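A short write-up of the structure that comes next.
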Amino acid sequence: MDKLDNLLIETALNNKVGIILAENLHSICNINNAYRIKKEEGFLLEHGGKLRMAAARYNISLDEWLDLSTGINPDNWQGATAPITSWSRLPENEDGLREAACAYYGVTDLLPVAGSQAAIQILPNVYQKSRVAVLTPSYNEHAHAWRRAGHQVDLIDEYQLESAIDSHNTVVVVNPNNPTGLCFSPETLLHWHERLVARGGCLLVDEAFMDATPNNSLAPYAHRKGLIVLRSLGKFFGLAGARVGFVLAEKYFLKKLAEALGPWTISGPSRWIATQALCDQDWQMVMRQQLKSNAIRLSQQLTDYGLSPDGGSALFQFIVTPQAQVIHTYLAQQGILTRLFNNPYPSSLRFGLPGTELEWQRLQQALADLSLSPVLEQSA
Ligand SMILES: Cc1ncc(COP(=O)(O)O)c(C=O)c1O
């Protein structure tokens, strides 16, 4: 598909026009397909990992894509497949998942949920309407969920956090932050937590990307009143499709959340896989090292071609550049999907980790071509 096709599709998507004039039927099919997918999404927020949408938009088949648009570990845990009985029997809370997770996070109690997203959505409903400060730019589902539940939400940047602690009931931070990679020390967060609790408030820390740096986690303190920590099996373990996450908080609060969620929130096979992955300490140890060196490699590779990261974590690198859109489109035309952010975010890109050596080489080649391409000069 050429530049004109992409332009037409972008125009159709932006203007919400389903049928537009295009020179060939092929383009019209792609436009309609991309528009249909977009329309069906309704009020759902944008996320990475939308390969089908990209395949329709750029007319590149699904299996040809290198998907770097998420922060999911491409070398996911694959230690075992779930037994057939886990599909046929109702899931039981006493199946060992809770114990495995408690040991992994170093806590005495927690609540397994169907991905930390499930907790993000339900949490605002168990609080009275309040004033909530949410760090931005960040994972935008937090602000969305608090707003939808009727709370007053203030989006604040890192420099406004200090004062927000003394003026809001609830403060939400993602640590390490997605997509910026900004990190807060446990000392800073505990200090903020103390101040919030003194006024009857609450600190919510989303640690979806914490597993590579467990020493920075607030998990050991999560039993304290007014502190909630969210964890995910989707990122470090690369098990995003299993939909497993955890809420770490004081017992009374976990009970309240469990009642709000009801029974059997996680499927039997997902519970089984999650339990095995959480117990696999050898894999975890090797993966922490591997991700650390891969993060350095990705950061270096991007820097080598003029895209030096402004932040990052073990699982992604973040680049703020006015040319984000052009770079995103150029790479997508080569079948490499990155995550593009713009308004209300700064114009920026997030690159996840390639998996195989071939994928690393493919990214390197595309970045080399991009650095020589006139598209960058034209947009500068
Ligand atoms: C910061 C953050 N928190 C939570 C989630 C939700 O993850 P999951 O529901 O897979 O645990 C995401 C997903 O991208 C995320 O980026």
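The values are calculated or read from the model by the stated rules, or taken from the named source; none is laboratory data. Source: prediction; values computed, not measured. A quick note on method: Cβ atoms are made from the backbone with ideal geometry, for glycine too, and the neighbour counts reach across all protein chains shown.
Annotations
- Test: residue in region 283-306 that is touching a Ser or Thr at 6+ places or on another chain (Cβ under 6 Å) and not assigned by TED's automatic domain parsing to the domain that holds Tyr221: yes
- Any hit, region 184-195, residues being out of contact with any Phe, Trp or Tyr (no Cβ under 8 Å at 6 or more places or on another chain), in a loop (DSSP other than H, G, I, E, B) and in contact (Cβ under 8 Å) with a residue 60 or more places away in the chain: no
- Selection within region 98-113 - under 17 Å from Ala249 (Cβ atoms) and either assigned to a loop (DSSP other than H, G, I, E, B) or in contact (Cβ under 8 Å) with a residue 24 or more places away in the chain (or both): Ala101, Tyr104, Tyr105, Gly106, Val107, Thr108, Asp109, Leu110, Leu111, Pro112, Val113
- The residues of region 128-148 that are within 14 Å of Tyr345 (Cα to Cα) and in a loop (DSSP other than H, G, I, E, B), listed by number, are Thr136, Pro137, Ser138, Tyr139, Asn140.
- One residue stands out in region 348-374 among those that are of a type in the set (Gly, Ala, Ser) and modelled with pLDDT under 95: the one that is farthest from Phe237 (Cα to Cα), namely Ser373.
- Output for region 197-241, where each listed residue is under 19 Å from Ala103 (Cβ atoms), outside any loop (DSSP other than H, G, I, E, B) and within 14 Å of the ligand (Cβ to nearest atom): Val229, Leu230, Arg231, Ser232
- Subset tally (residues that are within 15 Å of Leu367 (Cα to Cα) and either more than 14 Å from the chain's Cα centre (by Cα) or part of a helix (DSSP H, G or I) (or both)) for region 326-350: 12
- Flag if Pro186 is under 24 Å from Gly311 (Cα atoms) and away from the ligand (no atom under 16 Å from the Cβ): yes
- Taken together, Leu227, Leu248, Leu254 contain a single residue that is under 25 Å from Leu189 (Cα atoms) and touching a Lys or Arg at 6+ places or on another chain (Cβ under 8 Å), which is Leu248.
- All conditions in (1) part of a helix (DSSP H, G or I); (2) touching a strand residue (DSSP E or B) at 6+ places or on another chain (Cβ under 8 Å) hold for Gln317, with the sole exception of (1).
- Pairs where the first residue, in region 128-152, is touching a residue at least 40 places away in the same chain (Cβ under 8 Å) and the second is among the aliphatic types (A, V, I, L, M) and assigned to a loop (DSSP other than H, G, I, E, B), C-beta under 6 Å, 6+ apart: Asn140/Leu45; His144/Leu45
- Residue identified as more than 17 Å from the chain's Cα centre (by Cα) and either of a type in the set (Val, Ile, Thr) or within 15 Å of the ligand (Cβ to nearest atom) (or both) among Leu254, Leu248: Leu248
- Unmet requirement for Asp157, which otherwise passes all of (1) farther than 22 Å from Lys251 by Cβ; (2) among the charged types (D, E, K, R); (3) touching a strand residue (DSSP E or B) at 6+ places or on another chain (Cβ under 7 Å): (3)
Here's the yes/no breakdown for (1) surrounded by fewer than 19 Cβ atoms within 10 Å (Cβ to Cβ); (2) within 16 Å of the ligand (Cβ to nearest atom); (3) not assigned by TED's automatic domain parsing to the domain that holds Pro179:
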position	(1), (2), (3)
Ala80	yes, no, yes
Asp95	yes, no, no
Val113	no, yes, no
Leu123	no, yes, no
Ser130	yes, no, no
